[in-house]
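*Asks:* The following block contains the structure, expressed as C-alpha cells.
The values are calculated or read from the model by the stated rules, or taken from the named source; none is laboratory data. Not measured: the values here are computed from a predicted model. Note that we place each Cβ from the backbone using ideal geometry, even for glycine, and neighbour counts take in every protein chain shown. Side chains included, ligands, DNA and RNA excluded: accessible areas come from the protein's heavy atoms. Shrake-Rupley method; radii C 1.70, N 1.55, O 1.52, S 1.80 Å.
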Amino acid sequence: MAQVLTKPIPVKSGGASADRPGAGKPMISSTRIARRVRQLGRQISETYADIETPLVIVVILKGATVFAADLLRSLSIPAELEFVRASSYHGGTTSSGRLQLAHMVDGTLVGRHVLLVEDIVDSGLTVNVIAKRIKRLGPASLRIAALLDRPARRVTEVKIDFCGFVIPDRFVIGYGLDYAGLYRELPHIYSLT
C-alpha cells in the first residue's frame, strides 16, 4: 500500500483581539483549511486503500468534531466513527496536565485499523493517554491525524502521521477549537495570544 505523506504546512502567527476574534486577520483561513483537509483525506484514503474492513475514525471530542466531519467527507474509502471525550484545559488557555476522560469508544477495535483524530497536539499528553488506551483494545494499527501541531508546548513525544499545519506557540480558536466553550463556530482559525 502506498503511503504518501506530505509535510504539514507551517503557519506564521497572526492574530485577533480576544474580545472580537472574528474582526482580525485569520491565522489560517477557511479556504486554506478546506484545501489541506482534502489533501489529508486523499493521503489517508491512499494509506488505507487495501484494508478489508472500514477504517475506524476515533474523534477526540469536542474540539476535533468539525475537522473530523470534513475529513470524513473527504475520504474515498469506507469509514466508521467512534468518539472519545477528553479534556485537559478546563476553561483556560494552557493545559492543566490533568486529563479527564469522560467517554471511550463504544464499538470493538480488535483487529481494526484505527485513525485517532485530534484538533491540536501541543503537550502531547492527551493524545498519548488515549492512544495507549486504544492500543490496549487490540487494533490492527493505530495512526494519528491532527489538524494542528504546536510543538513549542510538547512535553511528551508524539508521532503525528497526518498533520495539517504546524503553528507557533499561540492559543488558537475557531474551526472547532474553543476558549471556555466559545468560538468553535468560526470558519477560520484565529490566534488569541
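*Asks:* Kindly indicate whether Arg153 is within 21 Å of Gly24 (Cα to Cα) and touching a Ser or Thr at 6+ places or on another chain (Cβ under 7 Å). Spell out how you get there, then give the answer.
*Replies:* Numbers: within 21 Å of Gly24 (Cα to Cα): no; touching a Ser or Thr at 6+ places or on another chain (Cβ under 7 Å): yes.
No; evaluated as a whole, the condition is false for this residue.
*Asks:* Mind telling me which of the residues Thr47, Thr65, Thr31 ends up being of a type outside the set (Phe, Trp, Tyr) and closer than 21 Å to Val84 by Cα?
*Replies:* On the way: Thr47 fails: closer than 21 Å to Val84 by Cα; Thr31 fails: closer than 21 Å to Val84 by Cα.
Result: Thr65 is the single residue among Thr47, Thr65, Thr31 that is of a type outside the set (Phe, Trp, Tyr) and closer than 21 Å to Val84 by Cα.
*Asks:* Shifting gears a bit: Can you name every residue in the range 46-56 that is open to solvent by 10 Å² or more (accessible area, probe 1.4 Å) and either assigned to a helix (DSSP H, G or I) or touching a helix residue (DSSP H, G or I) at 6+ places or on another chain (Cβ under 8 Å) (or both)?
*Replies:* We begin by selecting, within the range 46-56, every residue open to solvent by 10 Å² or more (accessible area, probe 1.4 Å); these are 46, 49-54.
Once the filter is applied, which keeps residues that are open to solvent by 10 Å² or more (accessible area, probe 1.4 Å) and either assigned to a helix (DSSP H, G or I) or touching a helix residue (DSSP H, G or I) at 6+ places or on another chain (Cβ under 8 Å) (or both), the range 46-56 yields only Glu46.
*Asks:* Restricting to the range 154-189, what's the tally of residues that are open to solvent by less than 40 Å² (accessible area, probe 1.4 Å), at pLDDT below 95 and not hydrophobic (A, V, I, L, M, F, W, C)?
*Replies:* The qualifying residues number 0.
*Asks:* Still on this structure, I have one more. If the requirement is being of a type in the set (A, V, I, L, M), within 16 Å of Ile33 (Cβ to Cβ) and either surrounded by fewer than 21 Cβ atoms within 10 Å (Cβ to Cβ) or touching a residue at least 60 places away in the same chain (Cβ under 8 Å) (or both), which of these qualifies: Leu192, Leu147? Talk me through it step by step, then tell me what you get.
*Replies:* Details: Leu192 fails: within 16 Å of Ile33 (Cβ to Cβ).
None of the others qualify; the one that does is Leu147.
*Asks:* Still on this structure: If you go through the range 156-183 one residue at a time, how many are within 13 Å of the chain's Cα centre (by Cα), assigned to a loop (DSSP other than H, G, I, E, B) and more than 17 Å from Ser30 (Cβ to Cβ)?
*Replies:* 4
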